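Remarks on the structure that follows.
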Amino acid sequence: MKLPYTDLPIGIDMGLKHFMTDSHGDVVDNPRHFRKSHGRLKKLQQRLAKKKKKSNRRKKAVKSVAKAHQKVRNQRKDFHHKESRILVDTFETIVFEDLSIHNMVSSPKPKQDENGKYLPNGAAAKGGLNKSILDAGWASFIELVKHKAAWAGVTVIEVDPKKTSQICSACHKEGEHKDLSVRTHICTYCGVVLDRDHNAAMVRRFGACKISPVGR
Ligand SMILES: [Zn+2]
């Protein structure tokens, strides 16, 4: 079923707090059952690690882990299919940030103090972050959207994400670089306060307006 149609470009921000936030401020979260099946998978993996090598119990445990993995994969695939269908049926132009120029999935370098002692650098926290990025499967989701869009004649644009968190969607001025931990955009020029992901999605939409294909 087609939803109320709009020819305005939509900016999509893939996030950690929410699976995606669009430039209207609408959010889509990961389904709750994801967490449950992830938890089960982790438990089965821990159980497998304790089994003796080449034992029958180990073989059984390997099977259960594979099954749980498959379940997680299928759930994610269903979710991605559903959400990509909605996007493509609703919008004429969809704008993502180009994840290939994203370097969020890299571990931070260790920091040392003047005595050579290692300082906490948020590696553990970032490690958790990286895991959620990978778990969310953003790249494969975007591929699905592109595939469906190609069939439907919908345009998908990927933009450089570097500056989307720095630029203000209200006044278009460029502010300072924001650390990933800063979840709110507060503009020092116009004073607008927005959720970080919402602001980024809005900036992306303006970007799309500037480079939108001729004749649309
Ligand atoms: Zn501003």
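The table below lists the values:
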quantity	calculated
Signed unit charges on C-beta, dipole axis of segment 40-92, positive-most listed residue VAL72, LEU41, ASN56	ASN56
Long pairs among LYS54/LYS77; LYS43/LYS178; LYS36/LYS82, criterion Cα-Cα beyond 25 Å	LYS54/LYS77; LYS43/LYS178
Solvent-accessible area of THR184 with every protein chain in place, 1.4 Å probe, in Å² to the nearest 10	60 Å²
Residue-by-residue Karplus 3J(HN,Hα) for segment 13-22, coefficients 6.51, -1.76, 1.60, Hz, glycine and proline x	10, 7, x, 9, 5, 10, 4, 8, 10, 9
Segment 17-73: relative contact order as a whole-number percent, Cα under 8 Å and 6+ apart	28 percent
Efficiency of FRET between ALA139 and LYS71 - r from beta-carbon atoms, R0 22 angstrom, step 0.05	0.60
Cleavage-rule hits (chymotrypsin sites (Phe, Trp or Tyr not before Pro)) in segment 3-96: DSSP loop, at most 11 neighbouring Cβ within 10 angstrom	TYR5
Trypsin sites (Lys or Arg not before Pro) within segment 24-60, DSSP loop, no more than 12 other Cβ atoms inside 10 Å	LYS52, LYS53, LYS54
Accessible surface of SER37 - all protein chains present, 1.4 Å probe, nearest 10 Å²	10 Å²
Accessible area in the full protein assembly, largest first, 1.4 Å probe, for ILE142, ILE167	ILE167, ILE142
Summed side-chain charge close to VAL28 - residues other than VAL28 whose Cβ falls under 9 Å, Lys, Arg +1, Asp, Glu -1	-4
Accessible-area order (highest first, 1.4 angstrom probe) of the listed residues GLU143, GLU176, GLU83	GLU176, GLU143, GLU83
Potential lengthening between LYS63 and VAL192 on full extension [0.36 nm per residue; Cα-Cα distance subtracted]	41.2 nm
THR90, THR188, ranked by accessible area, largest first (probe 1.4 Å)	THR188, THR90
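The values are calculated or read from the model by the stated rules, or taken from the named source; none is laboratory data. On a predicted model such as this, the values are computed, not experimentally measured, just so you know. When we count neighbours, we look across all protein chains shown, and the Cβ atoms used for this are built from the backbone with ideal geometry, even at glycine. The accessibility values were calculated without ligands, DNA or RNA, using every heavy atom of the protein model including side chains. Shrake-Rupley method; radii C 1.70, N 1.55, O 1.52, S 1.80 Å.
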